[in-house]
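Engineer: Below you'll find the structure I mean.
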Amino acid sequence: MITIILATISSFLASIFAIPSIITVAKLKNLYDKPEERKIHTLKIPRLGGMAIFVSFTFSILLFGDFNTIVGAKYIGAALIMLFFSGLKDDIIILSPLKKLYTQLLAAGLVTSFTDIRINDFHGVFGVHEIPFIASIALSMFMIIVITNSVNLIDGVDGLAGSLSLIISLTFSYLFYQQGELEWTLITLALSGSIMGFLFFNFSPAKIFMGDAGSLTVGFLLSLFAIHYIESNSPMSSIGSHIRSAPGIALAILIVPLYDTLRVFILRAINKTSPFKADKNHLHHWLIKNGQSHGQVTLILSIVNLVFIFIAMALKDNAAYIVMLVIGSLALIVGQLPIYFYRHKISDIEADEDVQEQIEQSLYPEYKQEKKS
């Protein structure tokens, strides 16, 4: 336990001390995330925060970790390095979405093929339990890529991606600790420490952004946590608590970034636009349209994510498909609220304008004549 605490503290300190130097270098070399039409921020902000997260996390686990119990740990490290440099290149000189996707496919394939981090059991969802090896690889790769990109896409408001990632990582650390998996607890808490250090400089007004180097590596790690948690609670597993609702709990833990990503991709498909084409249709964009500040958006979506986690925990004794159905249904309802409130506000404004015009016409007959002319 002392080792775990030291790993958390060291990653936090390494992150919080590294970021001021990174900000200084970014300013000297003009490495900014410049304002654009599709972006919310209006100032030039360095986007190399991922360097501090990755380096502090790696430093901590190499110093305090013992990965004899994690099959193929070296392949996880290799995949993380690939994603980090892919994201870093995109942060500095821009990388095409397809090239980033190829790197993610390679990293996901490396981990699912040479480690035991993959979904082998459906926990009875759709009446399916054990699945073939090839299907297991394909499903696990798909999950890794979706979760990785969900963190990347939710990174649009000061503090949001970092806060949600911290909540997710801390939740998995608690679950792994409950299962007695101390190495996975160390990894999750080391990541939590590095994110906490980063958040000191990322809350509104942000002094630095996570960037793709951060969001891709953090998202990748969170996807591994989710897959390992689900699989460790499989009836076939020799570890874990064999919680049959594990897939539903994992869904709830990741609900905000997952729902937002799947919703946006479906809308882009309906509108026949590229799934990689950026827009302003994310949940945080709709909350901003409703008048919320960056800090309020981060607080609202963080609370929503926590509420979903508590709901899933309360339902953990039920079958996985029941928990997933409840969480999915609630997400569909809650996810539409920002859009509903925005459209309702616009309707009220238009109605007020119509009423005002009717009043003007009734009081001043010449007003109608002026409008016509």
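Quick note: the coordinates plus some simple rules give every number you see, no bench work behind them. None of the values given here were measured: they were computed from a predicted structure. Positions of Cβ are backbone-derived with ideal geometry, glycine not excepted, and every protein chain shown enters the neighbour counts.
Engineer: Just for the Cα atoms in segment 2-242, what are the lengths along the principal axes, largest first, rounded to whole Å?
Structural biologist: 54, 42, 27
Engineer: Distance in nm between label sites at ALA269 and MET236, each 7 Å beyond Cα in the beta-carbon direction?
Structural biologist: With each label placed 7 Å out from Cα toward Cβ, I get 2.8 nm.
Engineer: Going by alpha carbons, how many degrees (0 to 90, nearest 10) lie between the helix axis of 73-93 and the longest principal axis of the chain?
Structural biologist: Taking Cα atoms only, the helix is inclined about 30 degrees.
Engineer: Which value at 222 nm does the chain reach when only helices count, each DSSP H run of 4 or more adding -39,500 (n - 2.57), with the total divided by all residues and rounded to the nearest 500 deg cm²/dmol?
Structural biologist: Rounded to the nearest 500, the figure is -24500 deg cm²/dmol.
Engineer: Another question, if that's okay. Using only Cα atoms, find the angle between the long axis of helix 320-363 and the longest principal axis of the chain, and express it within 0 to 90 degrees, rounded to the nearest 10.
Structural biologist: Long axis of 320-363 versus the principal axis of the chain: about 10 degrees.
Engineer: Quick check: the angle from helix 97-114's long axis to the longest principal axis of the chain, C-alpha only, nearest 10 degrees?
Structural biologist: Between the helix axis and the principal axis of the chain, the angle is about 30 degrees.
Engineer: Could you list ILE195, ILE243, ILE2 so that the one with the fewest beta carbons within 10 Å of its beta carbon is first and the one with the most is last?
Structural biologist: ILE2, ILE243, ILE195
Engineer: Which order do SER136, SER192 fall in if you start with the one that has the fewest other Cβ atoms within 10 Å?
Structural biologist: Starting with the residue having the fewest Cβ neighbours, the order is SER136, SER192.
Engineer: Further question on the same structure: Give the range of the longest stretch in the chain that excludes all GluC sites (Glu not before Pro) found in loop regions by DSSP and having at most 10 other beta-carbon atoms within 10 Å.
Structural biologist: 38-373
Engineer: Please rank VAL125, VAL256, VAL307, fewest neighbouring Cβ atoms within 10 Å first, as an exposure proxy.
Structural biologist: VAL307, VAL125, VAL256
Engineer: With a cut-off of at most 12 other beta carbons within 10 Å, and DSSP calling the residue loop, which trypsin sites (Lys or Arg not before Pro) in segment 268-344 qualify? Please list them.
Structural biologist: Those satisfying the criteria are LYS272, LYS277.
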